[in-house]
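The structure appears right after this line, and notes come after that.
Bear in mind that the values in this text are calculations on the coordinates, not laboratory data. Owing to the predicted nature of the structure, the values given are computational and were not obtained by experimental measurement. We place every Cβ from the backbone using ideal geometry, glycine too, and count neighbours over all the protein chains shown.
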Amino acid sequence: MTKIAGIVLAAGCSSRMAPRNKLLESIGGEPVVRHVAAAALASGVLPVAVVTGHDAARVAAALGGLEVTVVANPAYAGGLSTSLRAGLSALPPAIDGALICLGDMPWVEVPVLRALIADFTGVSAVCVPVHQGRRGNPVLWGSSYFAEMMTLTGDVGAKPLMARHQEHVIEVDVATDSIFADIDVPADLTRPQRSSLA
């Protein structure tokens with residue numbers, strides 16, 4: 001059976017919303033980061049590791065009661081790559097792939113995650129959601145790329161690797177623009193539902 005884990009990157013400083021932490025802002029009565037972690041769990045991936053950094057204690061508290069592993073990243077100020085490495089390092093052996101979710105994208109629906117998982121063909125696959133020809137997040141990475149991802153530095157995710165391994169990318173069409181909708185400023189918290197899954 002294919003084993004897919006989840007990693008939620010939730011260590012950022014929310015610099016554009018300071019002094020507020022966007023991951024702790026409420027949508028529908030629940031913190032943003034909790035929406036993301038709950039969706040990952042509902043998709044069926046296990047384990048789900050949530051990487052914290054800035055405001056770590058409060059972010060961890062916002063996840064209370066969820067069956068997630070909270071992974072502290074003391075080097076979070078070094079950028080997104082440090083959290084990616086922390087999350088990968090926390091995964092158990094024999095994982096075939098990791099669904100990399102961004103903690104500030106609370107509107108990504110569970111069916112999107114399940115569609116990526118359904119199209120995952122093995123450790124060399126990279127499954128990316130696409131809406132109207134445009135790629136979004138999250139991305140499901142096969143474990144054959146983990147070592148390469150561990151070499152990334154600075155405030156970048158794994159996107160550069162996607163261009164390098166284009167022949168293994170599987171585009172998964174989804175009927176929602178939630179794969180582009182993140183939160184940077186307070187106005188983003190009231191995102192209109194422009195297009196959603198049927």
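Need one number: % antiparallel among DSSP beta bridges in the chain, to the nearest 5. That works out to approximately 30 percent antiparallel.
One quarter of the convex hull surface, Cα atoms only: what value does that give for region 91-176 in nm²? Display every interim value, and only then the final one.
Working: hull surface 24.0 nm².
Mean projected area for region 91-176: 6.0 nm², to one decimal.
Centre-to-centre separation between the Cα atoms of region 166-181 and those of region 6-34: 23 Å.
The mean sequence distance of close C-alpha pairs (under 8 Å, at least 6 residues apart), as a share of the length of region 4-183, puts its relative contact order at 25 percent.
Helix-only mean residue ellipticity at 222 nm, the chain, DSSP H runs n ≥ 4 weighted -39,500 (n - 2.57), per residue, nearest 500. What is it? Before the final figure, lay out each step's value.
Numbers: 6 runs with 48 residues, N = 198.
It comes out at -6500 deg cm²/dmol, rounded to the nearest 500.
Dipole magnitude for the chain: computed about the Cα centre from +1 point charges on Lys and Arg Cβ and -1 point charges on Asp and Glu Cβ, it is near 200 debye. When peptides 55-61, 39-45 are sorted by average Cβ neighbour count within 10 Å, with the highest value leading, the order is 39-45, 55-61.
Relative to the 2.2 N^0.38 Å rule of thumb, the chain has a C-alpha radius of gyration ratio of 0.94.
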